[in-house]
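Read through the structure below, which is laid out as structure tokens, and then see the notes.
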Amino acid sequence: MSVTFGDDSVADAAAEAARRLVEEGVPRALADGDATLWGAEAQSEAAIRLGWLDLPTTSRELLPQIGELVERARAAGLEHVVLAGMGGSSLAPEVICASADVPLTVLDTTDPGQVRRALADRLDRTIVVVSSKSGSTVETDSHRRIYEQAFRDAGIDPASRIVVVTDPGSPLEQSAREAGYTVVLADPNVGGRYSALTAFGLVPSALAGADVAALLDQAAEARQRLGADDDPGLLLGAAIGAAAASGRDKLLLDDSLSGINGLPDWIEQLIAESTGKQGRGILPVAGSEPNEADDELTAGIDTESGVEVQGPLGAQFLIWEVATAIAGRVLGINPFDQPNVAESKANTTRILEDAGDGPLPTGAPALVDGPVEVYGDVPAHVKDLSGVFTELLKDIPERGYLAILAYLDREAAFDVPVPQEASFEAITDIWAAHDPASLQGLLAIRTDRPVTFGWGPRYLHSTGQYHKGGPQNGVFLQITGVVSGDLEVPGKPYTLGRLQLAQALGDLDALRERGRPAVRLHLTDREAGVRHLLAAAREV
Ligand SMILES: O=P(O)(O)OC[C@H]1O[C@H](O)[C@H](O)[C@@H](O)[C@@H]1O
């Protein structure tokens, strides 16, 4: 494993920052778990958040219990593994399984269509891992309730199918024990986004068929370098910290040549939640081409870049965690809290409670363009969707960015029928033409500012912290859609679709309270709406 520099100015700044850190004794202190490294204010939190440093060893203790679980699931013929978990409770298993090429259905959505698709898939052979560190995350709680009901309706005992991963003493641990579920306890001294190598990363991945012992071996090798002057995590942290301190605070992640699939999505949460606070921080940008702008730094996973990080997945996890902790130190930021995530959650709860049984407070559309309603402040001269895009792009300030936030079904594009004889290229073109995520590329070529794309509510547990806590230079484009086939959340007064819309509105409020430009597009016909959006973006 190694960190190398394709850009001399980055290399020089990193070397200088690393030299200072070594002089201050930081690498050794971090290796020893010194909680004072981020200042007095962060110390009490850091004291209970450094367990990740020792996971390559401590997580080995979990392997026998995980091995038994896997055996039991195999013996019972449970081949469809569903993971209900948000942010740190699902991003790592998603990368682990995608890289190992083993199937895992991740539920980190409140989209009723996406949840219905999972429910319709081999329920009789499904095992559900319900993962939540706090044990109180609303999305995960909803998924648990929905699956419990579905199992019961199918005459299946939920206790034979649900595995809970949570922190000791959480409300979920208690209710799971009462229900007779299998419970695997995670290390409480590791925060969600640093938990890749805890039970949160390992249990669902092992059930899906990934070799988790190998991951720990890879991480153990990286752990041995910790404390050394040439530790890859130290060099990476010094590079991204020093770059951000000098204004290069957009971190473009490129994994195009890597055999590891989807690590940028995991890095996004780690960097955005750890650094995006107090009006400062680093904006991770996944899935976008560099603009050669002077506020950008490119980081490649096994891919040549401004900074290239080479190594197997287990090592990458540890290197990026060390780097984030080091960058926090360089920037004077506590990398272990996420002070602004709760704002949108509180708004969502308030919106649902205030609305009672009545409609949610969406307001009236400022304009309607075919299957797309536009909500928000739109100048009077703007008459259509491409005009809305043009205005939003114009609104991006110097050093700012545009964030596209889609509260839609992440997999709907793949349901579109494709001709039987179509080539792989033709099929991917058809998918792209129906995928809201294609909007990122189409708008990115119209601006020299970074354009990010996040699925809601998934991003609320990731880049959402940076949007609200980081520099106030974001412009936000939300997309919601009409719900057909809504799902009850058993025991709750709301449906999944209602929760999804309330989450979008809750975050919109939090962004607007900060005076940021934020527009919501609502698709009154989802498929036609996506096609219309993409066509309008081509016209900008
Ligand atoms: O694991 P949970 O307690 O359900 O938390 C899931 C996610 O929730 C919050 O949004 C935090 O900001 C994330 O860091 C965390 O990963």
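The values are calculated or read from the model by the stated rules, or taken from the named source; none is laboratory data. Bear in mind the structure is a predicted one, so any value in this text is a computation, not a measurement. Cβ sites come from the backbone with ideal geometry, for glycine too, and all protein chains shown count toward neighbours.
Find the residue count for region 329-364, including only residues that are of a type in the set (Asp, Glu) and touching a helix residue (DSSP H, G or I) at 6+ places or on another chain (Cβ under 8 Å).
The number of residues fulfilling the criteria is 2.
Which one of these does residue 188 not meet: (1) part of a loop (DSSP other than H, G, I, E, B); (2) farther than 28 Å from residue 46 by Cβ?
So residue 188 meets the others, but not (2).
I need every pair where a residue in region 135-154 that is touching a residue at least 60 places away in the same chain (Cβ under 8 Å) has its Cβ under 6 Å from the Cβ of a residue that is part of a helix (DSSP H, G or I) and more than 9 Å from the ligand (Cβ to nearest atom), sequence separation at least 6 or different chains.
Within 6 Å, the pairs are 148/158.
If you take just the strands (runs of 3 or more DSSP E) that sit entirely in region 96-183, which of them hold at least 2 residues that are more than 16 Å from the ligand (Cβ to nearest atom), more than 20 Å from the chain's Cα centre (by Cα) and surrounded by 15 or more Cβ atoms within 10 Å (Cβ to Cβ)?
126-132
Contact list please: Cβ distance under 8 Å, first residue in region 285-312 and in contact (Cβ under 8 Å) with a residue 24 or more places away in the chain and in the same structural domain as residue 9 (by TED's automatic domain parsing), second residue outside any strand (DSSP E or B) and basic (Lys, Arg), pairs at least six apart or on different chains.
Hits for this filter: 291/449; 293/449; 294/248; 295/248; 295/399; 296/248; 297/248.
Working carefully through the options 468, 492, find the one that is of a type in the set (Lys, Arg), within 30 Å of residue 293 (Cα to Cα) and either assigned by TED's automatic domain parsing to the domain that holds residue 402 or crowded, with 24+ Cβ neighbours inside 10 Å (or both).
Going through 468, 492 in turn, just one is of a type in the set (Lys, Arg), within 30 Å of residue 293 (Cα to Cα) and either assigned by TED's automatic domain parsing to the domain that holds residue 402 or crowded, with 24+ Cβ neighbours inside 10 Å (or both): 468.
What pairs come up if the first residue lies in region 106-129 and is outside the structural domain of residue 154 (by TED's automatic domain parsing), the second is surrounded by fewer than 24 Cβ atoms within 10 Å (Cβ to Cβ) and in a loop (DSSP other than H, G, I, E, B), and their beta carbons are under 7 Å apart, counting only those six or more places apart or on different chains?
Close Cβ pairs satisfying both conditions: none exist.
Looking at (1) modelled with pLDDT of 95 or more; (2) out of contact with any Lys or Arg (no Cβ under 8 Å at 6 or more places or on another chain), which one does residue 7 not meet, given that it meets all the others?
The one condition residue 7 does not meet is (1).
Only one of these conditions is not met by residue 227: (1) at negative phi; (2) out of contact with any strand residue (DSSP E or B) (no Cβ under 7 Å at 6 or more places or on another chain). Which number is it?
(1)
Here is a yes/no grid of residues against (1) assigned to a helix (DSSP H, G or I); (2) in the same structural domain as residue 129 (by TED's automatic domain parsing):
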{"position": "9", "(1), (2)": "yes, no"}
{"position": "15", "(1), (2)": "yes, no"}
{"position": "18", "(1), (2)": "yes, no"}
{"position": "38", "(1), (2)": "no, no"}
{"position": "42", "(1), (2)": "yes, no"}
{"position": "60", "(1), (2)": "yes, yes"}
{"position": "64", "(1), (2)": "yes, yes"}
{"position": "94", "(1), (2)": "yes, yes"}
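Run down 459, 494 and say which single residue is among the aromatic types (Phe, Trp, Tyr) and either touching a Pro at 6+ places or on another chain (Cβ under 6 Å) or within 16 Å of the ligand (Cβ to nearest atom) (or both).
That would be 459, the only listed residue that is among the aromatic types (Phe, Trp, Tyr) and either touching a Pro at 6+ places or on another chain (Cβ under 6 Å) or within 16 Å of the ligand (Cβ to nearest atom) (or both).
Could you say whether any residue in region 26-47 is modelled with pLDDT of 95 or more, among the β-branched types (Val, Ile, Thr) and in contact with an Asp or Glu (Cβ under 8 Å, 6 or more places away or on another chain)?
No, region 26-47 contains no residue that is modelled with pLDDT of 95 or more, among the β-branched types (Val, Ile, Thr) and in contact with an Asp or Glu (Cβ under 8 Å, 6 or more places away or on another chain).
Across region 41-88, what is the number of residues that are buried (at least 20 other Cβ atoms within 10 Å of the Cβ) and polar (S, T, N, Q)?
Residues meeting the conditions: 1.
Can you report the number of residues in region 184-210 which are charged (D, E, K, R) and away from the ligand (no atom under 11 Å from the Cβ)?
So the count comes out to 1.
Residues checked against (1) farther than 28 Å from residue 102 by Cβ; (2) within 14 Å of the ligand (Cβ to nearest atom); (3) in the same structural domain as residue 22 (by TED's automatic domain parsing); (4) in contact with a Ser or Thr (Cβ under 9 Å, 6 or more places away or on another chain):
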| site | (1), (2), (3), (4) |
| --- | --- |
| 237 | yes, no, yes, yes |
| 260 | no, no, yes, yes |
| 271 | no, yes, yes, yes |
| 275 | yes, yes, yes, yes |
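Tell me whether region 408-423 contains one or more residues that are closer than 20 Å to residue 275 by Cα and not assigned by TED's automatic domain parsing to the domain that holds residue 298.
No, region 408-423 contains no residue that is closer than 20 Å to residue 275 by Cα and not assigned by TED's automatic domain parsing to the domain that holds residue 298.
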